[in-house]
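Chemist: Dumping the structure here so I can ask a few things about it.
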Amino acid sequence: MRIDKFLVSQNVGSRKEVQKLVRSKQVEVNGALVTKPDQKIDPDKDKIAVKGEKIEYSQYVYLVMNKPSGYVSATSDRDEPTVIDLVPKELRRKGIFPAGRLDKDTTGLLIITDDGEFVHRMLSPKKHISKKYVAEVDGEVTQDMVDSFEKGITFRDGTECMPATLIPDENNPKKAQVIIREGKFHQVKKMFITQGLRVKKLKRVSIGGFALPENLAVGECRTMLEEEKQQIFL
Ligand code: URA
């Protein structure tokens, strides 16, 4: 792989910027200065440093986003802005996509990556990784509903959901946490519809043991820490 391509892929800078770094003698491979941007390197074996700092090679990118309402969970769309449009240029890579869908009006925790195997592990219904949402609905959440969610909701078309956890908010009868362990299309909204309630606001707050970081503002995204990636599977 060319050193300039490698540095761009690791978000060191744009093609132009990294070529400038090479020409100004700020890039080293195994301790030797690189002189040409097209010098070939092996990302798995060679030690690359920029301005004396080692670049840790990551084959894939993993981003955590606090999704705002109004963006579709897709890589491109003819009419609507997508969550990928919100990814800042320096974090973008070819091939990134949202790991699972949040509806256009749903907010909160969304992971964006180019690692298909990671997404498969995260979303496979067999793995039972929990997804926790906070829902605001247009009526009171009752104990009967808690029991129905626990038993497993069946949609009108006969689709059966796995047992889910509904935790009414202590201070607001029209608000609750919902924990599901699968990801059917519009699942939470459809579960409430079977109970005669409409979801007015929906926010995903955690996936597995990974909670939406509190300091991540709506619309922002950042690279996930290694430990955060692992928390998903706890
Ligand atoms: N369930 C829904 O109904 N919508 C979402 O966006 C996520 C879960």
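The values are calculated or read from the model by the stated rules, or taken from the named source; none is laboratory data. Remember, predicted model here, so these are calculated numbers, not experimental data. Every residue, glycine as well, gets a Cβ built from its backbone with ideal geometry; the counts of neighbours run over all protein chains shown.
Chemist: Buried (at least 19 other Cβ atoms within 10 Å of the Cβ) and outside any strand (DSSP E or B), is that true of residue 112? Lay out the reasoning, then the answer.
Modeler: On the way: buried (at least 19 other Cβ atoms within 10 Å of the Cβ): yes; outside any strand (DSSP E or B): no.
Here the answer is no, as residue 112 does not meet what is asked.
Chemist: Within the stretch 201-226, how many residues turn out to be part of a strand (DSSP E or B) and away from the ligand (no atom under 12 Å from the Cβ)?
Modeler: Initial filter on the stretch 201-226 (part of a strand (DSSP E or B)): 201-207, 210-211, 221-223.
Narrowing further to those that are away from the ligand (no atom under 12 Å from the Cβ): 206, 210-211, 221-223.
Counting residues in the stretch 201-226 that are part of a strand (DSSP E or B) and away from the ligand (no atom under 12 Å from the Cβ) gives 6.
Chemist: Now, a different point. Which of (1) loosely packed, with under 15 Cβ neighbours inside 10 Å; (2) within 13 Å of the ligand (Cβ to nearest atom) is the odd one out, the single condition residue 158 does not satisfy?
Modeler: With (1) loosely packed, with under 15 Cβ neighbours inside 10 Å; (2) within 13 Å of the ligand (Cβ to nearest atom) applied to residue 158, the lone miss is (2).
Let's see how each residue does on (1) buried (at least 18 other Cβ atoms within 10 Å of the Cβ); (2) under 16 Å from residue 220 (Cα atoms); (3) more than 13 Å from the chain's Cα centre (by Cα):
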residue	(1), (2), (3)
57	no, no, yes
63	yes, yes, no
69	no, yes, yes
81	no, yes, yes
85	no, yes, yes
89	no, yes, yes
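Chemist: Any residue that is assigned to a strand (DSSP E or B) and out of contact with any Ser or Thr (no Cβ under 6 Å at 6 or more places or on another chain) - is there at least one of those in the stretch 181-197? Outline the logic, then answer.
Modeler: Within the stretch 181-197, the first condition is being assigned to a strand (DSSP E or B), and the residues that meet it are none.
No, the stretch 181-197 contains no residue that is assigned to a strand (DSSP E or B) and out of contact with any Ser or Thr (no Cβ under 6 Å at 6 or more places or on another chain).
Chemist: Go through (1) modelled with pLDDT of 95 or more; (2) out of contact with any Cys (no Cβ under 6 Å at 6 or more places or on another chain) and name the single condition residue 121 misses.
Modeler: Answer for residue 121: the failing condition is (1).
Chemist: Just to be sure, is residue 102 within 14 Å of the ligand (Cβ to nearest atom) and either under 24 Å from residue 208 (Cβ atoms) or outside any loop (DSSP other than H, G, I, E, B) (or both)?
Modeler: Numbers: within 14 Å of the ligand (Cβ to nearest atom): yes; either under 24 Å from residue 208 (Cβ atoms) or outside any loop (DSSP other than H, G, I, E, B) (or both): yes.
The answer is yes for residue 102.
Chemist: Taking residue 70 and the conditions (1) in contact with a Lys or Arg (Cβ under 7 Å, 6 or more places away or on another chain); (2) assigned to a strand (DSSP E or B), which numbered condition does it fall short on, given that it satisfies the others?
Modeler: Condition (2) is where residue 70 drops out.
Chemist: Follow-up. Could you tell me whether residue 133 is within 20 Å of residue 203 (Cα to Cα), crowded, with 20+ Cβ neighbours inside 10 Å and without any contact (Cβ under 8 Å) to a residue 60 or more places away in the chain? Even if it seems obvious, please write down each step before you answer.
Modeler: Numbers: within 20 Å of residue 203 (Cα to Cα): yes; crowded, with 20+ Cβ neighbours inside 10 Å: yes; without any contact (Cβ under 8 Å) to a residue 60 or more places away in the chain: no.
So residue 133 does not fit the description; no.
Chemist: I need the full set of residues from the stretch 6-36 which are charged (D, E, K, R) and either surrounded by 16 or more Cβ atoms within 10 Å (Cβ to Cβ) or not in a helix (DSSP H, G or I) (or both), in order please. I'd like the intermediate steps shown before the answer.
Modeler: First, the residues of the stretch 6-36 that are charged (D, E, K, R): 15-17, 20, 23, 25, 28, 36.
Of everything in the stretch 6-36, those that are charged (D, E, K, R) and either surrounded by 16 or more Cβ atoms within 10 Å (Cβ to Cβ) or not in a helix (DSSP H, G or I) (or both) turn out to be 25, 28, 36.
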